[in-house]
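The values are calculated or read from the model by the stated rules, or taken from the named source; none is laboratory data. Please read these numbers as outputs of a predicted model, since none were measured by experiment. Heads up, the Cβs are rebuilt from the backbone with ideal geometry, glycines too, and the neighbour counts pull from every protein chain shown. Each accessible area value is taken on the protein alone, full model and side chains, heavy atoms only, with ligands, DNA and RNA left out. Shrake-Rupley method; radii C 1.70, N 1.55, O 1.52, S 1.80 Å.
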Amino acid sequence: MPRKIALITGGGDCPGINAFLASAVRRGSNEYGAEFIGVRNAFSGLVADNPEQYLVPLDPRSVVGLENRSSTILESSRFNPFTEANRAKGCPGKILANLKRLGVDGILGTGGNDTILSAMRLEESGFPTVMAPKSIDNDVSGTDVMLGFRTAILFGAQAARSTADSARAHRRISLVEVMGRHAGWLALEIGVASGADLITIPERPVNLTEFCAEVSRIYRERHYANLVVAEGTSIPYDDPVIKRAREESAVVRSLLEETPELDSFGNPKLGGISQILRRVLRIELGLEKIEEIRTTDLGFTLRGLAPAADDIILGIRFGIKAADILIGEERSGVMVGIHGLEIKDVPYKKALKPKTVTRSDRELKALGVFISSNGESTSRQ
Ligand code: F6P
């Protein structure tokens, strides 16, 4: 039975991670007598020359009240030890050596698709790991919902409703941009819950001529419009609307020409679509002032929130299940998840299938998602 467990939290922070940590420690210590250490900065801490400096002692007493705290007390990183360059530097071997040096015989952690992939690689090297899914993007299979998503929707919907009310009072078009990477869950649910007139999601590329015509119709009729746009919204580069915007706006030119930075898993850093759409709409709607269209980027405001009850409960249930699997049942190589009302586990490979919005056009349209009449393909993002 594993006796000393390391806890890690990788990828973007989000609400509910600390509830998982508190719960895993309590369950593992009280039920199985295991010892816990937290390792700051996930794989970046584990690969350090001096891993001892990254340790956070954790026991049932030190985690009292931790469930309610935002973000992660263990800090996070997107360090990928399994890139070709990091493999060549011997990172995976160093991690295994450090775990041995620390006397650790199992890892429990939270992560999104990238951190879970690293946990799977470590598992393949013979080291036992069990993970819990977390990300406001809600983009991992093997669970109905990831930690952080529910809280993000709750706050995001409130924020988007507030901008909608303000837009109505000032007779403006409001563009609210939300994260989500290549999955539209966050934009979809925040948009629906806040009564958005139009929602754009990465899964449905946007024909800008049709989009502008639709926004124009709403704005002319009602004198205000509320739009929720996903950061990963895909717009065609060669659209005549974009060509016009490029010619007329230096901001559009520079945003389109900017090469997005990549993280160590190769994910582009997204963001800025609402700034492009703001200028495109101004030109196409022939508005006198850009001030008639305002943008609000919810961005990181959705990541550092104190967890809502749903995420505290989910974190606690994930923590119990993960400790039971790794320590009690001596199994590993799996991710815990919620399926209906049950907490279950699935092999990493199954969990890692990307989960994007798969509903029919008909349903999405009824929910307010903008659906172009033709499927555009050449996209910015
Ligand atoms: O993975 C969650 C997420 O919040 C994405 O929606 C977003 O694109 C990304 O993280 C931003 O990551 P970073 O914190 O590395 O800038």
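Structural remarks
- For the chain, built as a Gaussian network whose Cα springs stay under 10 Å, the top-fluctuating residue of ALA187, ALA366, ALA196: ALA366
- Surface calculation, 1.4 Å probe, protein heavy atoms: ASP13 sits at approximately 40 Å² accessible.
- Residue-normalised accessible area of the chain, given per residue in Å² at a 1.4 Å probe: 41
- Beta bridges assigned by DSSP with both partners in the chain are antiparallel in approximately 30 percent of cases.
- Neighbours of ILE293, meaning other residues whose beta-carbon lies under 13 angstrom from its beta-carbon, give a summed charge of +2 when Lys and Arg score +1 and Asp and Glu score -1.
- For SER216, the solvent-accessible surface computed with a 1.4 Å probe is close to 30 Å², ligands and nucleic acids excluded.
- Size of charge dipole - the chain - debye, nearest 20, with Cβ of Lys, Arg +1 and Asp, Glu -1, no other charges: 160
- Under 28 Å of direct C-alpha separation, and excluding same-chain neighbours fewer than eight residues apart, LYS321 reaches these lysines: LYS4, LYS100, LYS134, LYS344, LYS349, LYS350, LYS353, LYS355.
- Less than 5 angstrom separates the built amide H of ILE293 from those of ILE173, all sequence-distant by 5 or more or on a different chain.
- Accessible surface of the chain [probe 1.4 Å, protein heavy atoms]: carbon and sulfur percent: 49
- Within a Gaussian network of the chain (alpha carbon springs, distance under 10 Å), most fluctuating of ARG78, ARG279, ARG253: ARG253
- Accessible-area value, ARG317, 1.4 Å probe, nucleic acids and ligands omitted, Å²: 90
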